[in-house]
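Okay, structure first, notes after.
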Amino acid sequence: MNDNSLTRIQPDWFSPTRLHDTPLDYDFPGDRFIPNRSLMDLDQAHTLLTNRTNNKLRKPNFNDEYRRKMEENLKLDVEGRPFRMMVFRGSPKSSRQSTRLIDEMRRSDKEIPLQINENRRYRKFPLKATRALDAPLLSDDYYSNVMDWGKSNILAVVLGSILYIWNAQVQKAGVLMEVKREDDCPTSVAWSDDGKIVAVGCDSSKLQLWDAETSRLVRDLQGHQSRVGCVSWNGHILTSGSKDRAIINHDVRARSNLVSVTRAHRGEVCGVKWSSTGNALASGGNDNLVYIWDSFKTSSRHYMHRFNEHHAAVKALAWCPYSSDVLASGGGIDDGCLKIWNTQKGTCISTNETGAQICGLQWNRHHKEILSGHGFGTGESHCQLCLWSYPSMARIGEPLRHASSSRILHLSQSPDGLTVVSAGADETLRFWEIFGPPQESSENVTHLDNLLSLKASAVR
């Protein structure tokens, strides 16, 4: 038999060509795992598989010379030494050595940056604010929430009796509304989800909706008897919290705006925040309590969870953007604890004692981090901005500050999630490039990059 017989196996009962009526020579008769169906007689194959009679398939007509050639190629290597296929080789010790080799290669990748993508952006921790704006008459009040950055890239901030809007794109400011009475100053603002309407809560219990484009009052919403210190949107539902201890849900589409009124807190409601999914509402109060409400049951006092581990008022609330059941809350001056909650299980995931009043919290949407803005305290976080890694809650970089003795009252972030603005008691607004740039998408990493860097897949 010539050597060509080794590369051309004759059609037999297990080959796709065996099922063809008149076997012919094909350039590509099909792979052993993905056969060429055009070479098959599927009817005959079905008969052979379903026939229950005891018909024996004929044996392959291999002669001794063919078998000897096959054994030589399967049991001997190219140099004629014995070789066995499908045999486990090595030991756990040798496999650990290969793992260490891979780890050394990964460490070398970190020490020597790859030049595969020259446009890759590296993240730097800021040492100072990129921009500062004067904010005269900014109220130094822990219980107010007078700054919010909308999705239309317009910042709303209350200075004294005037609500200003600052367009971040063209860097121009304008007046949206102004009140005449000193006891009627705005105490809370919040942009609607589409970035067109600003909800404004006032010291006199009024709650108003303003059109930012036309600077016109759209509607007055009734229901509170005292200062409206916090507001939050969930689609067409606007939720407000007040010093009268009530939480009211308003349907801004309906003529009768009141949907539900809940009085569970025993003190002023300092913060309300809807989750990104709109399924849960968190509320914090001057009674040191945090409540979690089901969006379908806010009309009753049957809350989902009641957290009582804070020891001061809770104003700062923030839902995690990449885990909808995770909530961060910050306590006041006598507490200073940053707590992370699992609202599905009703448990506290972690507690971080910052040593200072927590006035604001913002999650980083591009990296697993959370930023806290602090007021008075005795710890290192006194009147500073602190960035924390999640879930380890280790502090990242050095704290940032406004003035040495001015507390940070409010935090908000830009629509792209890269810039954070802080409002301080020193009557300034400071912009920090602290959340960017975003991590490079895995779609931009080629298979060649993965193979060269060994960073895309865990080889174990």
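Structure summary
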{"read-out": "When residues of segment 242-259 are limited to those that are out of contact with any His (no Cβ under 7 Å at 6 or more places or on another chain) and open to solvent by less than 20 Å² (accessible area, probe 1.4 Å), the one nearest to A199 (Cα to Cα)", "value": "H250"}
{"read-out": "Output for segment 402-425, where each listed residue is assigned to a loop (DSSP other than H, G, I, E, B) and open to solvent by less than 40 Å² (accessible area, probe 1.4 Å)", "value": "H402, A403, S406, R407, S414, G417, T419, A425"}
{"read-out": "Leading residue by the ranking (farthest from S144 (Cα to Cα)) among those in segment 191-208 that are among the hydrophobic types (A, V, I, L, M, F, W, C) and over 30 Å from the mean Cα position of the chain (by Cα)", "value": "L207"}
{"read-out": "When residues of segment 380-401 are limited to those that are open to solvent by 30 Å² or more (accessible area, probe 1.4 Å) and among the small types (G, A, S), the one nearest to T354 (Cα to Cα)", "value": "A394"}
{"read-out": "Qualifying residue in segment 178-201 (condition: within 22 Å of V314 (Cα to Cα), surrounded by fewer than 16 Cβ atoms within 10 Å (Cβ to Cβ) and free of Cβ contacts under 8 Å to residues at least 24 places away in the same chain)", "value": "no"}
{"read-out": "Residue within segment 220-232 that is without any contact (Cβ under 8 Å) to a residue 40 or more places away in the chain, of a type in the set (D, E, K, R) and touching a strand residue (DSSP E or B) at 6+ places or on another chain (Cβ under 7 Å) present", "value": "yes"}
{"read-out": "Residue identified as within 29 Å of the chain's Cα centre (by Cα) and closer than 25 Å to P415 by Cβ among A173, A168", "value": "A168"}
{"read-out": "Residues of segment 197-219 classified as in contact with a strand residue (DSSP E or B) (Cβ under 7 Å, 6 or more places away or on another chain), of a type outside the set (A, V, I, L, M) and not in a strand (DSSP E or B), total", "value": "4"}
{"read-out": "Any hit, segment 328-344, residues being surrounded by 22 or more Cβ atoms within 10 Å (Cβ to Cβ), aliphatic (A, V, I, L, M), at pLDDT 95 or above and part of a loop (DSSP other than H, G, I, E, B)", "value": "no"}
{"read-out": "Selection status of D287, of a type in the set (D, E, K, R) and either at pLDDT 95 or above or touching a Pro at 6+ places or on another chain (Cβ under 6 Å) (or both)", "value": "yes"}
{"read-out": "Residues satisfying the stated conditions in segment 220-241, i.e. small (G, A, S) and within 16 Å of T298 (Cα to Cα)", "value": "G223, S232, G235, S240, G241"}
{"read-out": "Condition met for T343 (in contact (Cβ under 8 Å) with a residue 60 or more places away in the chain and of a type in the set (V, I, T))", "value": "yes"}
{"read-out": "Residue within segment 155-171 that is surrounded by fewer than 22 Cβ atoms within 10 Å (Cβ to Cβ), among the aromatic types (F, W, Y) and within 30 Å of R306 (Cβ to Cβ) present", "value": "no"}
{"read-out": "Any chance I358 is modelled with pLDDT of 95 or more, among the β-branched types (V, I, T) and in contact with a Gly (Cβ under 7 Å, 6 or more places away or on another chain)", "value": "yes"}
{"read-out": "Looking only at segment 265-320, and only at residues there that are among the charged types (D, E, K, R), more than 20 Å from T354 (Cα to Cα) and outside any strand (DSSP E or B), the one that is farthest from the chain's Cα centre (by Cα)", "value": "R266"}
{"read-out": "Filtered residue count, segment 178-204, keeping only those that are at pLDDT below 95 and among the polar types (S, T, N, Q)", "value": "1"}
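The values are calculated or read from the model by the stated rules, or taken from the named source; none is laboratory data. All figures in this text were calculated on a predicted structure; none of them were measured in a lab. Cβ coordinates were reconstructed from backbone atoms using ideal geometry, including for glycine residues, and neighbour counts include every protein chain displayed. Areas reflect the complete protein model, heavy atoms only, side chains present, ligands, DNA and RNA absent. Shrake-Rupley method; radii C 1.70, N 1.55, O 1.52, S 1.80 Å.
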